[in-house]
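Here the structure comes first, spelled out in structure tokens, and everything after it is commentary.
Read-outs throughout are calculated quantities, based only on the coordinates presented, and are distinct from any laboratory measurement. Keep in mind the model is a prediction, meaning the values are calculated, not measured. Positions of Cβ are generated from backbone atoms using ideal geometry, with glycine treated the same way; all protein chains shown enter the neighbour counts.
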Amino acid sequence: MQNTTVTNLTENIVAGTRRVFLSRRAVLGGAAAALAGMGLAGCGVNAPADGDAGSAPSDDTEQTGGADWGQDGVMRIGMEAAYPPFNWQEDEASDTNIPIENVDGAYAEGYDVQIARRVCDELGLDPVAVKMEFTGLISALNGGQIDMIIAGMADTEERKESIAFSDPYQVEDYGLMVLRDSEYADATTLEDFSGASVLGQSQTSLDTVIDQIPGVNHVTPVDNTSDMLARLTNGTVDAITVNVPSGQGYMDSNPDLVMITFPQGEGFDLGYTGSCVGLRKEDTDLLELVNDALATISDDERNELMDEAVANQPAA
């Protein structure tokens, strides 16, 4: 059932119009048919084709304050589907995952997916994931390929120049991951990593924070966390930066890994609030709706969702 505040605001947005929300079965069938004409690749960013998200609204839908979203009762959510415990890809449908629109027979699961499901439930829409590289998400959003980003994306000042962000749904903390037999396994401060070769993910805070380590050897970043973990386990770098919830999952699946965390105020200065929903700047009404929806998710429920995601994520 929709939250009263969200429902009233939605009714104001579409006053004088008739908005049709299709059943999940009809939506997924329509999404599959639309996919055949879209020709989206499994990863990367492609310009939207005629009739894709970003096209003119139907006669049954009218929106104000921004670009089109939620067409045909579907909200297209951009994510990597490769960043556990926040998001990952599965081969079978379940009660908790959602279909990946541009990968046949694939489904997205994880903490981000559960946040997306709750937000979309408040909006009366069905969430569908669109899988692509993290570095292409903002361009895809502004180009109309996707309706919003829910991908563990931080609200950095640089990103705020291009898109708008919701209130945070996850406050973040970073640590460093090393091999259990590493000389850095007993480190307790950032200064202890002076001289270490440290690797992050390209165009993310996992890379930019590395320079806060005094005397660090900042290794050229790679495109995804899988490559980061491979480089660490192969011994070609001394440490990688990790989001603490992700790091816990990596240790659970690989006993050779150790995560170094730091007391509050003594670790990395992230310079942002946390993971937020990314939206087009012109989608001001949608931003308000999303924030109202996020406000219905208690801190206890968020912690429970993250614990479940960490416990259920695939092995690294």
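Convex hull of alpha carbon positions in region 168-299: directionally averaged projected area 9.2 nm².
Have a look at the DSSP beta bridges in region 174-260 and tell me what percent are antiparallel, nearest 5.
So the antiparallel bridges amount to about 60 percent of the total.
Taking other Cβ within 10 Å of each residue's Cβ, how do Glu158, Glu122, Glu90 sort, fewest first?
On the way: Glu158 11, Glu122 23, Glu90 20.
Result, fewest neighbours first: Glu158, Glu90, Glu122.
Legend: calculated FRET efficiency, His218 to Ala315, from the Cβ-Cβ distance at R0 = 30 Å, rounded to 0.05, equals 0.55. Measuring nothing but how far apart in sequence close Cα pairs (under 8 Å, 6+ apart) lie, relative to its length, region 197-272 scores a relative contact order of 31 percent. Each of Ser202 and Gln264 was given a label point 7 Å from its Cα along the Cα-to-Cβ line. The distance between the two points is 3.7 nm.
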